[in-house]
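What follows is calculated from the coordinates using simple rules that are stated; it is not laboratory data. Bear in mind that the values here come from a model prediction, so they are computed numbers and not experimental data. We place every Cβ from the backbone using ideal geometry, glycine too, and count neighbours over all the protein chains shown.
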């Protein structure tokens, strides 16, 4: 079992992970990219304890569509130290949003990868509609988009009145080619304070595998662009590759979260920056108490 190489600060927050409950109680959506296998809260809590993490952000996985029941039950189970990011659509009522807010939801997610990739105009329209819906609640919009689409969305992101959080360092594949427009756009948005980024999914970004060290240049560049706008997540339980519209039983990848945490220590070697990423920035973004 690798050691992360630094002391994890109290109140560290895992800002990106998913819970998959009993499928009899939490059935997947009719249209989905994969069939989830149960990976429940008890298993996650044990992993978080192993790592020394006391706070968590539950993110609605695409397999459940807009049925946020599993996420909301997870929030109910950890009311003091968890927050959530939900998925909604036009049928989601204001009353449902109010209930989510009371339970700890602080944002909505647009998955522009797993459920098929829209063009730039359609994606911008989705982003603007989501932002308009959640602005009265003080929520943010979290987007999972590949680099080329992210570049097209940059003007829309700059124009929004709500915070935007970019998943998985800008969506993995091809991000290592730092000249890609999406990566350049993401660095610019961060430097301007126009978005946040999740330092998560290093195993997705890496082309080499192993210890994922080839993801370090990406991590370092994103953190350097604006360390006050970076948060970190495990991406537990590490959903394997899947194909939109052709669901098969998901395979979870054998990724060691402590190895990912060690990468953070290498990308952010100073204690103050790590504390910002693991404690202070999540408290600001998700509304946790300062201490």
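Observations on the model:
- If you plug the beta carbon distance of residue 148 and residue 291 into 1/(1 + (r/R0)^6) with R0 = 35 Å, you get a FRET efficiency near 0.25.
- Modelled this way, with points 7 Å down the Cα-to-C-beta line, the labels at residue 192 and residue 207 are 2.9 nm from one another.
- Over segment 98-224: Kirkwood hydrodynamic radius from C-alpha pairwise inverse distances, Å: 14.9 Å
- For peptides 50-60, 190-200, 251-261, sequence by mean Cβ density within 10 Å, most packed first: 50-60, 190-200, 251-261
- Helical runs assigned H by DSSP (4 residues or longer) give the chain a calculated mean residue ellipticity at 222 nm of -10500 deg cm²/dmol, each run adding -39500 (n - 2.57) before division by the residue total.
- For the residues 188, 265, 116, a GNM of the chain with alpha-carbon springs under 10 Å puts the largest fluctuation on 116.
- Segment residue 89-residue 284, length gained on full extension (0.36 nm per residue, minus Cα span): 67.6 nm
- Using R0 = 30 Å, the C-beta based FRET efficiency linking residue 228 and residue 96 works out to 0.40.
- The chain, relative contact order [Cα under 8 Å, separation at least 6], %: 22 percent
- Modelled spin-label separation between residue 128 and residue 158, with each label point placed 7 Å from Cα along the Cα-to-Cβ direction: 1.6 nm.
- Order by protection proxy (mean Cβ within 10 Å, highest first), peptides 6-13, 40-47: 6-13, 40-47
- Length gained on full extension, residue 214 to residue 10, computed as 0.36 nm times the residue gap minus the Cα-Cα distance: 70.6 nm.
- With a Förster radius of 30 Å applied to the beta-carbon distance between residue 73 and residue 50, the computed FRET efficiency rounds to 0.85.
- Antiparallel bridges, percent of DSSP beta bridges restricted to the chain (to nearest 5): 5 percent
- Extension gain for the segment residue 81 to residue 266, taken as residue separation times 0.36 nm less the Cα-Cα distance, is 63.9 nm to one decimal.
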